[in-house]
Structure formats: structure tokens, C-alpha cells
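The values are calculated or read from the model by the stated rules, or taken from the named source; none is laboratory data. Everything numeric here is computed off the predicted structure, so don't read it as measured data. Every residue, glycine among them, receives a Cβ derived from its backbone with ideal geometry; neighbour counts consider all protein chains shown.
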Amino acid sequence: MNHEPLTMNYTISLQNIGRRFNRDWIFRGINHTFTDNKTYAILGPNGSGKSTLLQVLNGSLAPSAGKLEYFYNEAPVEVSEVYQHLSLAAPYLELIEEFTLSEVIDFHFKFKNYKYGLGKDEVIALLAMENNKNKMIRYFSSGMKQRLKLALAFCSDTPMLMLDEPTSNLDTQGVDWYLSLVQKFAANRLTIICSNQEHEYSFCDERLSISDYKQKG
């Protein structure tokens, strides 16, 4: 399905948000507002809790403390509905290995709309995988799988885009390709990137360091 782009204003409000594992706080006391048309970087070393915070932000993990609110065109959104408004690419997201590239794209866009002007052929061309469209995902390299995850997220018509370690498994050419996707498809979206590599987030408007919220108690 393809349609003219709509005005989509999204806000995520965090009020004293914390998440703990057993008795240990992964992070605590986050007060922040993420607003539409801005890019944000969530920074921290491996194992610091970046991915956990991203999962709280996308509604797949509940916070252990604090209040999390979503607003779409200024109307409140239930956490159970947030997934409809976001696209996510992350190393821990699995692709269906038994599907071909063509089938994966068809399946994904049963649940999301293409961004205006795009369709399956354009996504395959963007990937430069015309010769692999009938190849099963299980035979793709890790880099090819990562490119596919990124293309599906960037090419979906959602007001929110969340990326966790977006250039993992990508070579230098793949990094340049990722940055070209950012230029083409991240505008006018609330974009959040978890990273500890500057080339993944150097363009971001704001940066949030998870280390600032490592309070104990």
C-alpha cells in the first residue's frame, strides 16, 4: 500500500523512568522528551543498558519506575498501539530464514505502508539485490541481513524510527549506504539511534548518555 505522506507528529515523554533487573538498577531517573522531526542518540558502552532503554521506548519492555507517555498529533496513545507507529532495526530482531527476500518484503509490508514513492521493486533496487530476490534469507550473509533490516525500517512509512547498532556487520561501503538512507528517509521522523560508534550518530540533534542515569539504590 502506498499513499501521500501525512503530517505525523509524535512525542515520547519520560518522567523519572527507571528499569531494574532483580535488585540492580540498569538506569534510573530519566526525565526526557523525544519530539518529532528530531534525531536522538542514546550512548553508552556495550552492556550499559542502551538496548534496554530502547525497548522501554518502543513499548516492548515496561519501566520499573516512572511514567512513560506517547502522543500522536497531540492525542495520547496506548502503549499497546505504539508498535503501529514505529519501525525498528536491531541485531536481536530475527528475519524469517525460510522466506526468500521477495517474501520477507511482502510479509513486512502487510503490516506497514511503504514510504511514498516506494514499492517492493524500489526496496530491492535500494538493496542492490535484484539477483537475490528469490534467494532464501538463510543463505544471506550477516551483512546482507543487516542491510535488509535497515531497508525495511527506513522504507516503512512510520513517524518513529528506532535503530540499535545500525552498522553492525556492515563494511565501510555498507556504512556509507546506511548514511545515505539516513539522508533520504530519516527526515520528518522521530529517530532514535542506540550506538557507541560516532559514525552511526554524528548527525543526531541530541545525545543522551545512559551513564548519566546509573544511580544506585
Expected output for the range 188-217 (first residue part of a loop (DSSP other than H, G, I, E, B), partner of a type in the set (S, T, N, Q), Cβ below 7 Å, 6+ apart or cross-chain) is N188/N37; N196/N46; Q197/T167; F203/T39; C204/T39; D205/T39
Query raised in the report: Are any of the residues in the range 160-174 in a helix (DSSP H, G or I), charged (D, E, K, R) and within 30 Å of F71 (Cβ to Cβ)?
Result: no
Exactly one of Y72, Y92, Y116 is among the hydroxyl-bearing types (S, T, Y), at pLDDT below 95 and touching a strand residue (DSSP E or B) at 6+ places or on another chain (Cβ under 7 Å), and that one is Y72
Of those in the range 37-68 that are assigned to a loop (DSSP other than H, G, I, E, B) and over 22 Å from E198 (Cα atoms), the residue farthest from the chain's Cα centre (by Cα) is S64
Counting only residues in the range 69-89 that are touching a residue at least 40 places away in the same chain (Cβ under 8 Å) and part of a loop (DSSP other than H, G, I, E, B), the one farthest from E130 (Cα to Cα) is identified as E74
Yes or no: K184 in contact (Cβ under 8 Å) with a residue 24 or more places away in the chain, more than 17 Å from L93 (Cβ to Cβ), charged (D, E, K, R) and assigned to a helix (DSSP H, G or I)?
yes
Determine whether L179 is farther than 16 Å from A41 by Cα, assigned to a helix (DSSP H, G or I) and either of a type in the set (D, E, K, R) or within 16 Å of the chain's Cα centre (by Cα) (or both).
-> no
Flagged in the range 119-136 as free of Cβ contacts under 8 Å to residues at least 60 places away in the same chain and part of a loop (DSSP other than H, G, I, E, B), in numbering order, are A128, M129, K133, N134, K135
Q: Check the range 148-156 and report whether any residue there is in contact with a Ser or Thr (Cβ under 8 Å, 6 or more places away or on another chain), surrounded by fewer than 18 Cβ atoms within 10 Å (Cβ to Cβ) and either more than 26 Å from L54 (Cα to Cα) or not small (G, A, S) (or both).
A: no
Just one listed residue, out of Y92, Y116, Y139, is of a type in the set (F, W, Y), free of Cβ contacts under 8 Å to residues at least 24 places away in the same chain and either at positive phi or surrounded by fewer than 15 Cβ atoms within 10 Å (Cβ to Cβ) (or both), and it is Y139
**Study point:** Flag if V104 is outside any loop (DSSP other than H, G, I, E, B) and within 30 Å of D24 (Cα to Cα)
**Key:** no
Filtering the range 137-156 down to residues that are aromatic (F, W, Y) and either outside any helix (DSSP H, G or I) or over 20 Å from the mean Cα position of the chain (by Cα) (or both) yields Y139, F140
Considering residues that are part of a strand (DSSP E or B) and either touching a Leu at 6+ places or on another chain (Cβ under 6 Å) or of a type outside the set (D, E, K, R) (or both), the number found within the range 16-36 is 14
